[in-house]
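Okay, structure first, notes after.
The values are calculated or read from the model by the stated rules, or taken from the named source; none is laboratory data. Owing to the predicted nature of the structure, the values given are computational and were not obtained by experimental measurement. Methodologically, a virtual Cβ is constructed for each residue, glycine included, from the backbone with ideal geometry; neighbour enumeration extends over all protein chains shown. The protein model used for the area step is the full one, side chains on, heavy atoms only, and it has no ligands, DNA or RNA in it. Shrake-Rupley method; radii C 1.70, N 1.55, O 1.52, S 1.80 Å.
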Amino acid sequence: MMSTVMKPDEIRDSLQSSPQSYSSPSTVGAIPDAKKPGDIIEQLTDLDCGFQCLLDKVKEDMQAAKDASFFLKKRAAIEEEYGKQMIKLSQTISETFDKSHPRSGTYGDAWISMLKVHETIGEQRIKFAGNITEVADDLQLLYKDTERGRKQVKDAGGKHEKMLGDADTTLEKIKQKYELQSEDWERAILQKNNDPLHVPKKGLFKNTKTQAQLNRMEEEARYKATMADKHYRQQLQTTNQSRQEYFQVHLPKILAELKAVGDECCVALRYQLARYSYIYEEALAADGIALDNDDGLGLRSLTEKIDKDADLIQYINSYQGRSGRLQKNDIEYKEYSMSISTMNAPNPNPNPVFGVDLNTLMTRDQQEVPWILRKCAEAVETYGLNVVGIYRLSGTNSQIQKLKAAFDRDCVGVNLNSEEYISDINNITSVLKLWFRELPDPLFPSNAYQHFLNAAKIEDDNMRVLGLHTVINDLPDAHYATLKFLMCHLDKIQKHQRYNKMGASNLATIFGMTLMGNEPGGGVSGNLHPMVNQDNQRFTETQWQVKVVQTILENYALIFETEQ
């Protein structure tokens with residue numbers, strides 16, 4: 001069972017309330033000393049090398065922070081590389097599987113979901129690596145701050161130690177002078193009193209001084225000894241006073257400041273390690289949720305969803321619509337296919353549907369939703385919901401042009417249920433996309449184009465949906481009704497993405513430029529070549545066009561307030 005750890009904020013508050021109760025990493029496992037901070041300072045003051053002892057201890061704590069920072073930096077690099085490789089592997093295998101197994105059934109669903117789990121784990125590992133890096137950076141800053149604080153206290157302590165040493169040295173010199181003068185005085189007294197040990201022998205160094213000279217020499221020696229004694233006593237008092245100030249005031253203060261630097265390093269180090277522990281446990285918990293959760297998306301739950309019999313039946317059913325199969329029914333009549341040039345000849349029909357404005361179609365046909373959209377959507381929903389790549393794959397150009405001409409001749413009379421049309425559903429989807437592209441004013445009107453792009457650029461998801469909802473509500477009736485019908489249709493497509501592999505993102509990529517037009521909205525600026533600038537702007541706006549369609553499609557029920 002995973003151990004419980006406090007959150008970093010809780011640990012920080014606990015450490016700040018009683019920092020002295022925590023030891024540095026160098027003393028982990030030892031029995032903590034019950035002495036108060038004042039007792040520790042007194043003990044260090046009494047110790048001959050107390051200041052150096054504490055300097056070494058703080059240096060050791062600094063090194064512990066530096067070692068931890070180095071370890072976490074390396075750990076973050078490993079985790080980041082692991083996450084990137086996991087994401088890359090999962091995405092590569094997923095794309096390869098989609099291309100190789102278009103009719104994969106329950107196994108394909110489970111396998112793709114399992115790869116998604118691994119991709120999620122990779123993303124979580126990259127996030128984990130970023131969090132570890134933050135802790136490592138904070139520990140590096142802690143090391144530098146502690147080093148700077150230690151140096152400041154060390155310099156101040158060295159200054160006071162030097163002053164104390166200078167005072168001791170001066171005292172020693174004056175003491176030596178005092179002793180030398182006292183010896184000279186003592187020798188003069190003995191010579192004055194004819195001490196046999198200090199009276200020069202007869203001969204070459206025979207004492208020739210008179211008693212008056214000896215008396216004068218003794219007086220001079222006594223005066224010098226007296227002055228030396230006075231200087232010695234004064235310096236002794238000054239030195240002792242300096243020593244008292246050093247040991248009673250300066251040294252305790254310096255030790256207290258140095259201990260504060262060390263305490264801050266130890267407390268912060270323990271906080272950062274606890275923070276790292278919490279981040280680590282969060283990452284492990286996130287991996288655990290990705291592997292096994294109540295939604296049934298864990299690896300074991302996903303494997304249990306594989307049904308070989310259902311996969312076989314689905315695979316067999318997918319062959320029913322394939323061309324080249326044995327025809328058991330009677331051969332049907334096939335109409336002669338005219339050439340493209342013939343079909344593109346001027347249309348005598350007074351009621352075409354291609355290249356006609358939506359408002360005009362609604363007024364003319366008395367239909368909110370154009371007939372061509374209704375017919376194509378119904379055919380796709382009947383025959384194409386499970387076709388892989390629906391709307392992404394194109395049909396045959398000759399058949400597309402033939403179907404376009406048929407809609408322009410008699411839109412209401414076109415029968416899309418005939419074998420001619422349903423044999424390749426991609427012809428129908430291509431005609432529908434062509435009709436949208438040839439609208440004089442796109443489904444998303446030109447005068448509202450910038451409003452849609454501005455709404456798509458809103459970062460907050462809820463506010464972006466609300467912005468698009470507002471712009472859509474201001475659309476003309478014909479555009480609003482057509483957009484609502486189309487999004488309802490595409491919503492049905494994406495609900496079958498398990499089979500057709502067409503989610504909201506794929507559909508938005510296909511319909512973004514089709515529904516909004518492809519002309520850039522801004523002008524040329526800067527020193528770039530106009531064509532280069534225009535290409536860059538078109539590419540950027542295409543991304544926002546896709547964002548508009550994807551957001552509407554993902555929030556279809558909310559934007560159009562459909563009945564649930």
Practice task
Enter the Cα centre distance for the pair region 206-281 and region 386-457, rounded to the nearest angstrom.
Solution key: 97
Exercise for the section: Find the centroid of the Cα atoms in region 72-148 and in region 163-191, then give the distance between the two in whole Å. Expected result: 79
Completion exercise
Output for region 352-396 (equivalent-ellipsoid semi-axes, sqrt of 5λ from the C-alpha gyration tensor, Å, descending) is 26, 12, 7
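Can you pull a Stokes-Einstein diffusion coefficient for region 428-519 at 20 °C (1.002 mPa s), Rh from Kirkwood over Cα pairs, as a whole number of µm²/s? Don't skip to the end; give the middle numbers.
On the way: Rh = 14.1 Å.
Translational D for this selection: 151 µm²/s.
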Exercise for the section: Report the chymotrypsin sites (Phe, Trp or Tyr not before Pro) located in region 38-142 that are in a DSSP loop and have at most 14 other Cβ atoms inside 10 Å of their Cβ, or state none. Expected result: none
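Run the accessible area of region 83-171 with a 1.4 Å probe and give the carbon-and-sulfur part as a rounded percent.
Working: 2640 of 4860 Å².
Ligands and nucleic acids excluded, carbon and sulfur reach 54 percent.
Considering only protein heavy atoms, with the full assembly of protein chains and a 1.4 angstrom probe, order THR482, THR303 by accessible area, largest first.
Details: THR482 0, THR303 60 Å².
Correct descending sequence by accessible area is THR303, THR482.
What number comes out for the charge environment of THR45, summing +1 per Lys or Arg and -1 per Asp or Glu over other residues with Cβ under 11 Å away? Each step should come with its number before you reach the end.
Values: positive: LYS253; negative: ASP39, GLU42, ASP46, ASP48.
Overall, the nearby charge balance is -3.
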